[in-house]
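This report refers to the structure that appears directly beneath it.
The values are calculated or read from the model by the stated rules, or taken from the named source; none is laboratory data. What you are looking at is a predicted structure, and each value in this text was computed from that prediction instead of being measured. No Cβ is skipped: glycine too gets one built from the backbone with ideal geometry, and neighbour counts run over all protein chains shown.
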Amino acid sequence: MSAVVELDGVTRTFAGSPPVEAVKGADLTVAEGDYVTLVGPSGSGKSTLLHILGCLDTPTAGTYRLLGLDVGDLSDGQRAALRGSEIGFVFQAFYLLPYRTVMENVMTGLVYNRTPRRVRKERSRAALERVGLGHRLDFTPRQLSGGERQRVAIARAIAPEPSLLLCDEPTGNLDSKTTDSILDLFDELRTADGLTLMVITHDERVSRRGERRVDITDGVLAEAS
Amino acid sequence: MSDRRRIIRSRLSFRDLVTEAVAGMLARPGRTVLTILGTVLGVAALVATLGLAKTAGNQIVTRFDALAATSITVSNRTDSFFRSPGLNDVSAIPWDAEDRLTRLNGVVAAGTLSLVDTGGQLVSSVPINDPLGQSEFAMDVLAASPGLFDAVISELRTGRFFDTGHDERGDPVAVLGPGAAARLNINRVDQQPAIFVGDTTLAVIGILEDVATEPSLLDAIIIPNGTARSLFGTGAPAEVHIRTEIGAAYLIGDQAPIALNPNDPSLLRVQVPPEPRAVRSGVESDVNTLFLVLGGVSLLVGAIGIANVTLVSVLERVGEIGLRRAVGAARRHIASQFLVESAAMGFIGGIIGASAGVLVIVAVSANKQWTPVLDVQVPLLAPLAGAVVGLVAGLYPSWRASTLEPVEALRGGM
């Protein structure tokens with residue numbers, strides 16, 4: 001299996017006095033189909049690491065390869081293109097456009113990556129059916145429950161068929177029952193679709209569902225065996 | 001390095017761009033409407049100004065009556081008027097002015113007019129002094145050539161005008177203005193009643209009803225030039241009134257001084273009606289400069305409104321910007337979306353404003369019973385002007401939006 005993510009001594013330092021090293025010499029390889037949970041308390045550097053993994057930020061030292069591409073070499077526009085086609089994001093706060101329908105929200109994930117309009121509709125509908133919301137296409141996010149909103153966000157993230165699904169505290173705003181159903185969905189996406197999943201969380205229950213667990217403390221990664 | 005070429009640049013088709021921008025505008029319809037209002041007012045003011053100036057200018061020209069447009073007055077230039085001891089009236093206008101002018105092509109009628117110096121003698125209609133009532137009046141006595149009555153378009157109530165015969169013979173006849181006739185208590189001329197200017201007796205042969213262009217005749221006693229010369233020693237005509245064919249006023253205005261005084265036409269002053277075209281453009285430029293400034297100011301206010309609202313909306317939509325960046329939008333896509341939104345608001349404002357401006361023009365014209373006049377380009381270009389205003393107003397906010405770092409943008413939630 002080829003590596004989706006390769007971190008080699010990745011360090012992210014924020015300028016200031018004193019400078020803050022949010023991530024220190026991180027080494028990590030994630031293969032296709034892996035289900036990795038990144039666990040750590042707040043302030044441990046997990047958000048910074050997620051930003052680097054999601055090509056939203058670049059390491060100040062070390063190399064990060066996504067699908068073999070050195071992200072540090074890429075321009076801002078190239079990283080945007082890479083995000084649009086290879087990475088699906090699921091955020092704690094959902095980031096759904098409140099005034100657009102569920103369908104339109106999912107289609108937003110395909111607007112920028114050269115998917116033809118007609119294909120966009122088909123794929124978005126398929127993605128929504130995949131997450132169990134095929135009957136809610138014309139609803140707006142306001143009319144949905146928290147769990148349903150997160151399902152819309154997941155549909156938006158998987159619609160472009162990304163190589164990596166990055167989830168940042170995906171269940172942070174959800175109750176435990178809804179959390180379980182979202183985690184079941186993750187399992188299903190992984191086993192049925194072979195999706196590579198990285199989930200950042202501070203919730204033990206979430207991390208137990210993953211296949212590999214990486215702890216992050218003060219910017220240092222440690223994989224539990 | 002070859003790996004990098006594998007990355008296909010992200011792209012936002014124009015259709016998608018418009019879709020996203022329209023959706024962004026419709027997300028807050030109330031605010032969008034208020035934002036557009038600024039441009040609506042500005043464009044409406046501009047269109048209405050241009051149209052009303054044109055309409056009013058056209059209207060003034062239309063109302064500009066044929067009378068005024070065809071009448072010319074030639075008089076002596078007073079500053080160069082030569083007066084020397086022993087010469088009472090030296091004038092550059094000859095007694096045969098009427099003959100000289102009626103020969104010109106385009107002249108309908110011409111006649112001289114001068115104030116007769118009667119030495120302050122009072123005028124009466126009865127030869128006796130009535131101790132109980134006023135019977136003597138101070139009145140202007142005017143000397144005229146026969147053609148004057150036609151030249152100033154006068155109408156007779158009764159009797160007749162004097163003619164060349166009266167003039168040449170110096171007959172003691174007079175035509176009364178309606179005001180003079182009323183004061184002298186004369187209303188019939190079939191008996192040729194006599195009036196007395198001092199000791200001079202004149203027979204009244206006609207009474208005027210109205211005079212179109214020379215009101216000084218209304219209260220005066222008008223006598224032939226020959227009579228004035230022989231009885232009162234009038235030296236020279238003071239002015240010439242000319243009525244021309246429509247459109248000939250300018251030409252005659254140029255030719256009349258030469259015809260009257262070939263030696264030195266510059267001694268004469270010609271009063272011609274202002275040229276219609278000059279009147280129109282004069283009015284237009286007067287109205288335009290004032291209101292164009294007002295329209296420009298309201299458009300500027302509209303632009304600032306759009307800039308302000310777009311900036312606020314950028315700050316409010318930071319989360320949306322972050323999300324769009326996360327799903328592949330490049331900086332230029334973010335910038336173009338906000339630019340299209342602001343330009344579209346300007347464009348819509350321009351359309352509504354142009355329509356409102358046209359309605360204002362039509363309403364004002366209907367109210368004043370004018371014919372609305374408007375250049376076709378104005379309402380067509382107005383929406384474009386609105387779009388440009390919106391585009392310019394959106395430059396700074398969209399630049400701000402595009403420079404947001406995705407990590408920063410995704411921090412706040414939505």
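State yes or no: is B:Thr227 assigned to a loop (DSSP other than H, G, I, E, B), surrounded by 22 or more Cβ atoms within 10 Å (Cβ to Cβ) and touching a helix residue (DSSP H, G or I) at 6+ places or on another chain (Cβ under 8 Å)? No; evaluated as a whole, the condition is false for this residue.
Assigned to a loop (DSSP other than H, G, I, E, B), more than 10 Å from every other protein chain (Cβ to nearest Cβ) and not aliphatic (A, V, I, L, M): is that true of A:Arg136 in this structure?
yes
On the stretch given as segment A:56-78, residues that are within 9 Å of another protein chain (Cβ to nearest Cβ) and either part of a helix (DSSP H, G or I) or under 16 Å from the mean Cα position of the chain (by Cα) (or both) total 7.
Residues of segment A:41-86 that are of a type in the set (Val, Ile, Thr), crowded, with 20+ Cβ neighbours inside 10 Å and under 19 Å from A:Ala15 (Cα atoms): A:Thr48, A:Ile52.
Of the residues screened, B:Val312 is not one that is surrounded by fewer than 23 Cβ atoms within 10 Å (Cβ to Cβ) and over 21 Å from B:Glu20 (Cα atoms). From the list A:Leu164, A:Leu133, the lone residue that is hydrophobic (A, V, I, L, M, F, W, C) and under 14 Å from A:Val90 (Cα atoms) is A:Leu164.
Summed over segment A:101-116, the residues that are surrounded by 20 or more Cβ atoms within 10 Å (Cβ to Cβ), outside any helix (DSSP H, G or I) and facing another protein chain (nearest Cβ under 7 Å) give a count of 2.
Could you list, in sequence order, the residues of segment B:326-342 that are among the small types (Gly, Ala, Ser) and either surrounded by fewer than 24 Cβ atoms within 10 Å (Cβ to Cβ) or more than 14 Å from chain A (Cβ to nearest Cβ) (or both)?
B:Ala335, B:Ser336, B:Ser342
Restricting segment A:79-90 to residues that are closer than 22 Å to A:Glu32 by Cβ and touching a Ser or Thr at 6+ places or on another chain (Cβ under 6 Å), which is nearest to the other protein chains (Cβ to nearest Cβ)? Filtering first and then ranking leaves A:Gly84. Do we have any residue at all in segment B:173-192 that's closer than 21 Å to B:Val116 by Cβ, in the same structural domain as B:Ala109 (by TED's automatic domain parsing), under 28 Å from the mean Cα position of the chain (by Cα) and surrounded by 21 or more Cβ atoms within 10 Å (Cβ to Cβ)? Taking every residue of segment B:173-192 in turn, none turns out to be closer than 21 Å to B:Val116 by Cβ, in the same structural domain as B:Ala109 (by TED's automatic domain parsing), under 28 Å from the mean Cα position of the chain (by Cα) and surrounded by 21 or more Cβ atoms within 10 Å (Cβ to Cβ). Any residue at all in segment B:308-325 that's closer than 26 Å to A:Leu110 by Cα, part of a loop (DSSP other than H, G, I, E, B) and within 14 Å of another protein chain (Cβ to nearest Cβ)? Yes: segment B:308-325 contains one or more residues that are closer than 26 Å to A:Leu110 by Cα, part of a loop (DSSP other than H, G, I, E, B) and within 14 Å of another protein chain (Cβ to nearest Cβ).
Please determine whether any residue of segment A:18-27 is surrounded by fewer than 21 Cβ atoms within 10 Å (Cβ to Cβ) and not in a strand (DSSP E or B).
yes
Out of (1) within 23 Å of B:Ile8 (Cβ to Cβ); (2) in contact with a helix residue (DSSP H, G or I) (Cβ under 7 Å, 6 or more places away or on another chain), the odd one out for A:Gln150 is which? Evaluating A:Gln150 over (1) within 23 Å of B:Ile8 (Cβ to Cβ); (2) in contact with a helix residue (DSSP H, G or I) (Cβ under 7 Å, 6 or more places away or on another chain) leaves (1) as the failure.
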